[in-house]
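The values are calculated or read from the model by the stated rules, or taken from the named source; none is laboratory data. Note that the structure is a prediction, hence the values are computed from the model and not measured. Here Cβ is always computed from backbone atoms with ideal geometry, including for glycine, and neighbour counts include all displayed protein chains. Remember, those area values only see protein heavy atoms, side chains included, never the ligands or the DNA or RNA. Shrake-Rupley method; radii C 1.70, N 1.55, O 1.52, S 1.80 Å.
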Amino acid sequence: IHPERNVTEGRFLKSMAIAYSKQDRQEDALAFLDKARRIFRKTLGRECAEVGLVVCNMATALKRQGKLEAANEKYEEGLAFMRRVRGDEHEDVAGTLYRMAECKEEAGDVEGAVL
């Protein structure tokens, strides 16, 4: 396995998934994100920022499908990654907290949206 090539492939898959998600092709997006996550875990390790970002992208795709409970679970998983890898003060943590709050508000959990 050539790690640099595989990381590049993972980033390509992640970019394609984001494009699919914006086109409302959420199932395609989730499939590409799952493959990217597996590549990053194998080449960069289980505890890396790329895995956390992919998990957050999966949450966004689920949210766009209207699967708000599943999306919140993925946001929580992604947030845990980001906090461990980047620390509480990183902008990725703040962005994930914001998207989680939006998702909770959309689900009708206004109190849960206040983090």
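Spin-label model, Lys22/Val114: points 7 Å from Cα along the beta carbon direction are separated by 3.5 nm. If Lys and Arg each add +1 and Asp and Glu each add -1, what is the summed charge of the other residues whose beta carbon sits under 11 Å from the beta carbon of Gln65? Its environment carries a net charge of +2.
The residues of the chain present an accessible area of 58 Å² per residue when probed at 1.4 Å with all protein chains retained. Where Rh is the Kirkwood radius over the Cα pairs of the range 22-115, the temperature 4 °C and the viscosity 1.567 mPa s, what D in µm²/s does Stokes-Einstein return? For the chosen part, D equals 97 µm²/s. Once the Cα-Cα distance is subtracted from the 0.36 nm per residue extended length, the Asp88 to Ala49 segment shows a gain of 12.7 nm. Out of the total accessible area of the chain (probe 1.4 Å, heavy atoms of protein only), what percent is carbon and sulfur? Carbon and sulfur together cover 49 percent of it. Per residue of the chain, the DSSP helices (runs of n ≥ 4 H) give a summed -39500 (n - 2.57) that works out to -27000 deg cm²/dmol at 222 nm.
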